[in-house]
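Below is one structure; the comments refer to it alone.
The values are calculated or read from the model by the stated rules, or taken from the named source; none is laboratory data. Note that the coordinates shown come from a computational prediction; the quantities given were computed from them, not determined experimentally. Note: ideal-geometry Cβ built from the backbone for every residue, glycine included; neighbour counts use all protein chains shown.
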Amino acid sequence: MLIWVLRIVIIIGFPLLGAMLVPLYNNPYYGMLAGLMCALLAIAIETGARKIASGRLVGLVASLVYALLLAGLVSLPIYNLAPEAHFIRIAIFVIAFYVGITLGYSKPEWFHPSNLVSLFIEKSERRGYKILDTSVIIDGRIADICETGFIEGTLIVPRFVLRELQFIADSSDTLKRNRGRRGIDILQRMQKKSEVPINIIEMDYADVKEVDIKLIELARELGAKIITNDYNLNKIAQLRGIIVLNINELASALRPVVLPGEIMKVFIIKEGKEANQGVAYLDDGTMVVIDNAKKYIGKNLDITVTSVLQTTMGKMIFGKYEGD
């Protein structure tokens, strides 16, 4: 409502000011027409700016300011030159305006104030921002990793991620509701116990609906990395040049390496699909299928590894029990 009131004031006020202050050719109607055109141009710019993402808009405005300041500095020596110098000065400002708009819109990250300030800061003093997405918060392993001290810098939790967590926690589906509440509990635990600082920021992108795209835009604006275990977000972010830290890839890298012929101790949990097979799991969730182990369910066995199979879901280890 306030926006419309301001627009009406501008549409009425600009023509009146044009008629009183700038009566072109001694005719107030020309001044009113010029004022009306200025009002419509201002409203068009304001409406177009609303459709631009906030990160791009900041870079756009910053690049335009830098370009006009540079044009002012360049045109200063021309001030006292020949009469045709006025045309040159105007041309410099027009060129600066055009270059500032085009570069600022296509490459907003070049002109963002935070990026320019970072040029004068030593790399050791820069804060390594890492943005948490909803899936990695609900997963919970990030809390354990932070408590070990392997994560450095500052963890960022956007307000729109918190809203998504709250939406999941309020779901009518029991499973979703439990997952959402678990995510909120994990965040509270990290804020209390983790030595890594956690900042909740209000930055949002009203014109973007997908949370994944919002995370990518925020990471680009802050020069941050994204911590996730979401496969799709991982791929999209990498395509857009954002560094992604994937918890699942970290877990895969830390799984113990076993070779055929090695002896390992496992606890048989259930029977396998094939006859006389038993199934065990390592601490990291790796499945171990053991021949001749069906009757030893509920017991610890020393088995011999026969082969290791790498699948898209992780590793599977096959072994056999050779008897007492």
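Consider ILE168 carefully, then state whether it is out of contact with any helix residue (DSSP H, G or I) (no Cβ under 6 Å at 6 or more places or on another chain) and either assigned to a strand (DSSP E or B) or of a type in the set (Val, Ile, Thr) (or both). Walk me through it before giving the result.
Numbers: out of contact with any helix residue (DSSP H, G or I) (no Cβ under 6 Å at 6 or more places or on another chain): no; either assigned to a strand (DSSP E or B) or of a type in the set (Val, Ile, Thr) (or both): yes.
Against the criterion (out of contact with any helix residue (DSSP H, G or I) (no Cβ under 6 Å at 6 or more places or on another chain) and either assigned to a strand (DSSP E or B) or of a type in the set (Val, Ile, Thr) (or both)), ILE168 does not qualify.
Consider LYS214 against the criteria (1) part of a helix (DSSP H, G or I); (2) in contact (Cβ under 8 Å) with a residue 60 or more places away in the chain; (3) touching a Phe, Trp or Tyr at 6+ places or on another chain (Cβ under 6 Å): it satisfies all of them except one. Which criterion is unmet?
Going through (1) part of a helix (DSSP H, G or I); (2) in contact (Cβ under 8 Å) with a residue 60 or more places away in the chain; (3) touching a Phe, Trp or Tyr at 6+ places or on another chain (Cβ under 6 Å) one by one, LYS214 breaks only (2).
When LEU187 is evaluated against the numbered criteria (1) touching a residue at least 24 places away in the same chain (Cβ under 8 Å); (2) out of contact with any strand residue (DSSP E or B) (no Cβ under 8 Å at 6 or more places or on another chain); (3) among the hydrophobic types (A, V, I, L, M, F, W, C), which criterion, by number, is the only one it fails?
Result: LEU187 passes all but (2).
Restricting to the stretch 269-293, what's the tally of residues that are within 14 Å of ILE317 (Cβ to Cβ), outside any strand (DSSP E or B) and not small (Gly, Ala, Ser)?
Residues meeting the conditions: 4.
Quick test for you: out of GLY223, GLY285, pick the one residue that is within 30 Å of GLY128 (Cβ to Cβ), out of contact with any strand residue (DSSP E or B) (no Cβ under 6 Å at 6 or more places or on another chain) and either free of Cβ contacts under 8 Å to residues at least 12 places away in the same chain or surrounded by 15 or more Cβ atoms within 10 Å (Cβ to Cβ) (or both). Walk me through how you get there before you give the answer.
Values: GLY285 fails: either free of Cβ contacts under 8 Å to residues at least 12 places away in the same chain or surrounded by 15 or more Cβ atoms within 10 Å (Cβ to Cβ) (or both).
Answer to the check: GLY223.
Looking at ASP291, ASP283, which is the one that is modelled with pLDDT under 85 and either within 34 Å of the chain's Cα centre (by Cα) or farther than 27 Å from ASN229 by Cβ (or both)? Before the answer, list the steps.
Working: ASP291 fails: modelled with pLDDT under 85.
Selected residue: ASP283, the only one of ASP291, ASP283 that is modelled with pLDDT under 85 and either within 34 Å of the chain's Cα centre (by Cα) or farther than 27 Å from ASN229 by Cβ (or both).
Wholly within the stretch 48-111, which helices (runs of 4 or more DSSP H) include no fewer than the required count, namely at least 1 residues that are hydroxyl-bearing (Ser, Thr, Tyr) and either over 28 Å from LEU215 (Cβ atoms) or at pLDDT 70 or above (or both)?
Numbers: elements: 54-75, 85-106, 108-111.
Those helices (runs of 4 or more DSSP H) span 54-75, 85-106.
Would you check which residues across the stretch 145-191 are polar (S, T, N, Q) and either more than 20 Å from LYS214 (Cβ to Cβ) or under 18 Å from the mean Cα position of the chain (by Cα) (or both) and list them?
Of the residues in the stretch 145-191, the ones polar (S, T, N, Q) are 148, 154, 166, 171-172, 174, 178, 188, 191.
The answer is THR148, THR154, SER171, SER172, THR174, ASN178, GLN188, GLN191.
Which of the residues that make up the stretch 256-268 are touching a Leu at 6+ places or on another chain (Cβ under 8 Å) and part of a loop (DSSP other than H, G, I, E, B)?
Residue satisfying the conditions is PRO256 alone.
Can you find a residue that is closer than 17 Å to ASP139 by Cα and either touching a Leu at 6+ places or on another chain (Cβ under 9 Å) or crowded, with 19+ Cβ neighbours inside 10 Å (or both) anywhere in the stretch 201-209?
Here is the first cut: in the stretch 201-209, the ones closer than 17 Å to ASP139 by Cα are none.
Looking for residues that are closer than 17 Å to ASP139 by Cα and either touching a Leu at 6+ places or on another chain (Cβ under 9 Å) or crowded, with 19+ Cβ neighbours inside 10 Å (or both), one finds none in the stretch 201-209, hence no.
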